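Chemist: Next up is a structure, given as structure tokens.
The values are calculated or read from the model by the stated rules, or taken from the named source; none is laboratory data. Everything quoted here is computed from the prediction, not taken from an experiment. Don't worry about glycine lacking a Cβ; one is built from the backbone with ideal geometry, like all the others, and counts go over all protein chains shown.
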Amino acid sequence: MEEREALLDRVSSSDGTGVKDPATGAVIGRVSFGTPGDVAAAVDTAVAAQPGWAALSDEERCAALMRAADAIEAHAEELAYVLSREQGKTMDGLGARFEAAGCAIWVRTAASTPLPVEVLIDEPASHAELRYRPVGVVGVITPWNWPMIIACWQIVSALRMGNTVVQKPSEHTTLSGLAIVEVMNEALPPGVLTAVTGAGDVGDALVRDRRVGKVMFTGSVKTGMKVVEASAGNLSRLTLELGGNDAGIVLPDADPQAIAEGVFWGAFINSGQTCNALKRLYLPDAIYDEVVDAVAGIAAKVPMGIGLDEGNALGPLQNQMQWNVVNRLVEDAKARGARVVMGGDPDAGAPGHFYPKTLIADIDNSAPLVQEEQFGPALPIIRYTGLEQAVEWANGVDFGLGASVWSADREAALAIAVRLQAGTVWINSHGGVDPRIPFGGAKHSGYGLEFGVEGLKAVSVPQVISG
Ligand code: NAD
């Protein structure tokens, strides 16, 4: 066994369901899935550990989290290996090593973000201040696309604020979820961070447990709506990070060569399996062909293949279900007469869930590939004539996670950016997140914020001390 395989071996169970490498179909480990009945025991553990964890000073909790970041760094290659084998992403580029390194960065930043008491009024006759108390137990439910870093985002802010956490990874990437929890637990006191495995019924049980005061949910809009319903009986606090269908609007003054690489990676990062990827590209008549050619030129040079093969920059889709979604949307676009600039011709008989890099031009804005979230490496490119039309189309979906505007003139881009119904609008880039900058969706992409001081406040209960 290679040294970097040790963690995968540790989190894999001796029996249970075989976990397949999405690139090859090889069985890489086993998962013994939990049931809704296992949730109560995990929450018992979290409840028992919470008072002791909350009684530590903020400095002591942050020091423990910094040690957890050290552990992540010490095991970074092993974590990346688990990710690459189970999620499919490449070791290189914006892939598995990038995600593992990001975990440590997020943990360190959340553990060093100041959250001072806010003095609201300080007058001779009146004093009022705002403090933030722990909620208690926080449930963290995560998806399969960035299975370690999304878990870290939510775990670290919840722990920092004195909560304990029960984490349920996606059933598609259980080993990745278990691996990050295992590594962080090398540095954390027993019981403050517990994982439960299983599918939607286990997530549902976690949301329904009356002792879970806050649920951080990241996943699809459909499941997010179920989480809202399931939480009603407990009035649990919720942060919902849901799906996206981000528009990118290119203004006529943009330089096609200058923007092509940013547009490509904004759309194709993690083979498109990214909530805030660029999922619809709106190009003006004036530079339509130039931008399509420039993006296709970049795409042609990016190698897609098995994640473990160094040098590959894009991997397969994680599962057959998602492959079917992408294939259906592209086939529909072709049947409508849209133009395939590249890709769109998967080898359905090949091992793994590879879908080729696909650019679909001259597509109508009403096509399902534009209106639905494809969550894969197939980008629809829509032609617009007037900017008002582009803004209307960009805002014309229920999603509102991110958007981008591309222009040589920042003021012109800004004038459009503020009109877009999205939680984040990037100018001349797409999808970058930063642990210091709040991130969250508008409309059906969810509510609540992560990261920065806002992210810490989101996993606590505000308390006013007056007098
Ligand atoms: P999903 O909704 O199918 O599953 C997400 C998680 O919810 C999984 O752990 C799943 O087991 C669990 N779950 C399923 N049913 C449940 C229920 N009834 N109650 C509680 N939990 C339940 O989503 P997915 O397919 O894993 O992830 C892809 C989606 O996630 C995409 O739409 C993507 O855009 C979105 N996403 C959003 C963000 C963001 O920050 N906004 C980040 C990543 C992914």
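Chemist: If you go through region 220-239 one residue at a time, how many are within 7 Å of the ligand (Cβ to nearest atom), part of a loop (DSSP other than H, G, I, E, B) and more than 18 Å from the chain's Cα centre (by Cα)?
Modeler: Count: 0.
Chemist: Next up: Got at least one residue in region 441-448 being farther than 30 Å from A104 by Cα and away from the ligand (no atom under 14 Å from the Cβ)?
Modeler: No, region 441-448 has no match at all.
Chemist: Is it fair to say S170 is within 16 Å of the ligand (Cβ to nearest atom), of a type in the set (G, A, S), assigned to a loop (DSSP other than H, G, I, E, B) and out of contact with any Lys or Arg (no Cβ under 8 Å at 6 or more places or on another chain)?
Modeler: Working: within 16 Å of the ligand (Cβ to nearest atom): yes; of a type in the set (G, A, S): yes; assigned to a loop (DSSP other than H, G, I, E, B): yes; out of contact with any Lys or Arg (no Cβ under 8 Å at 6 or more places or on another chain): yes.
For S170, the condition - within 16 Å of the ligand (Cβ to nearest atom), of a type in the set (G, A, S), assigned to a loop (DSSP other than H, G, I, E, B) and out of contact with any Lys or Arg (no Cβ under 8 Å at 6 or more places or on another chain) - is met.
Chemist: Tell me yes or no: at least one residue of region 405-419 is at pLDDT 95 or above and within 16 Å of the ligand (Cβ to nearest atom).
Modeler: No, region 405-419 has no match at all.
Chemist: Among the residues of region 66-114 satisfying the criterion of being of a type in the set (S, T, Y) and in a helix (DSSP H, G or I), which is surrounded by the most Cβ atoms within 10 Å (Cβ to Cβ)? Working first, answer last.
Modeler: Narrowing region 66-114 to residues of a type in the set (S, T, Y): 81, 84, 90, 109, 112-113.
Filter once more, keeping what is in a helix (DSSP H, G or I): 81, 84, 109.
Details: Y81: 26, S84: 31, T109: 18.
Ranking the qualifying residues of region 66-114, first place goes to S84.
Chemist: Starting from region 377-388, keep only residues that are within 17 Å of D293 (Cβ to Cβ), then list their pairs with residues that are of a type outside the set (A, V, I, L, M, F, W, C) whose Cβ atoms are within a distance under 6 Å, requiring at least 6 positions of separation or different chains.
Modeler: So the pair list comes out as P380/R280; I382/Y282; I382/N365; R383/Y288.
Chemist: Kindly indicate whether D309 is modelled with pLDDT of 95 or more and more than 21 Å from the chain's Cα centre (by Cα).
Modeler: Spelling it out, D309 is indeed modelled with pLDDT of 95 or more and more than 21 Å from the chain's Cα centre (by Cα).
Chemist: Checking F217 against (1) over 30 Å from G386 (Cβ atoms); (2) within 16 Å of the ligand (Cβ to nearest atom); (3) outside any strand (DSSP E or B), only one condition comes out false. Which one?
Modeler: (3)
Chemist: Quick one: in region 314-360, which of the residues that are under 26 Å from the mean Cα position of the chain (by Cα), among the aliphatic types (A, V, I, L, M) and outside any loop (DSSP other than H, G, I, E, B) is nearest to F98 (Cα to Cα)?
Modeler: L314
Chemist: Among the residues of region 173-214, how many are part of a helix (DSSP H, G or I) and hydrophobic (A, V, I, L, M, F, W, C)? Even if it seems obvious, please write down each step before you answer.
Modeler: Initial filter on region 173-214 (part of a helix (DSSP H, G or I)): 174-184, 200-208.
Applying the additional criterion that residues be hydrophobic (A, V, I, L, M, F, W, C) yields 175, 178-181, 183-184, 202, 205-207.
Adding up the residues that qualify gives 11.
Chemist: Scan (1) under 30 Å from A408 (Cβ atoms); (2) touching a Lys or Arg at 6+ places or on another chain (Cβ under 9 Å); (3) more than 10 Å from the ligand (Cβ to nearest atom) for the single condition N245 breaks and write down its number.
Modeler: Checking N245 against (1) under 30 Å from A408 (Cβ atoms); (2) touching a Lys or Arg at 6+ places or on another chain (Cβ under 9 Å); (3) more than 10 Å from the ligand (Cβ to nearest atom), the one that fails is (3).
Chemist: Would a scan of region 269-287 turn up a residue that is basic (K, R), surrounded by 24 or more Cβ atoms within 10 Å (Cβ to Cβ) and within 16 Å of the ligand (Cβ to nearest atom)? Please lay out each step first, then the result.
Modeler: Of the residues in region 269-287, the ones basic (K, R) are 279-280.
Still in the running and surrounded by 24 or more Cβ atoms within 10 Å (Cβ to Cβ): 279-280.
If we keep only those that are within 16 Å of the ligand (Cβ to nearest atom) as well, we get 279-280.
The answer is yes, given that some residue of region 269-287 is basic (K, R), surrounded by 24 or more Cβ atoms within 10 Å (Cβ to Cβ) and within 16 Å of the ligand (Cβ to nearest atom).
Chemist: Here's another thing I want to ask about it. Specify which of the listed residues (V391, V461) is more than 11 Å from the ligand (Cβ to nearest atom) and surrounded by fewer than 18 Cβ atoms within 10 Å (Cβ to Cβ). I'd like the intermediate steps shown before the answer.
Modeler: Working: V391 fails: surrounded by fewer than 18 Cβ atoms within 10 Å (Cβ to Cβ).
Of V391, V461, the one residue that is more than 11 Å from the ligand (Cβ to nearest atom) and surrounded by fewer than 18 Cβ atoms within 10 Å (Cβ to Cβ) is V461.
Here's the yes/no breakdown for (1) away from the ligand (no atom under 13 Å from the Cβ); (2) crowded, with 24+ Cβ neighbours inside 10 Å; (3) at negative phi:
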| residue | (1), (2), (3) |
| --- | --- |
| V119 | yes, no, yes |
| L130 | yes, no, yes |
| S157 | yes, yes, yes |
| V196 | no, yes, yes |
| V207 | no, yes, yes |
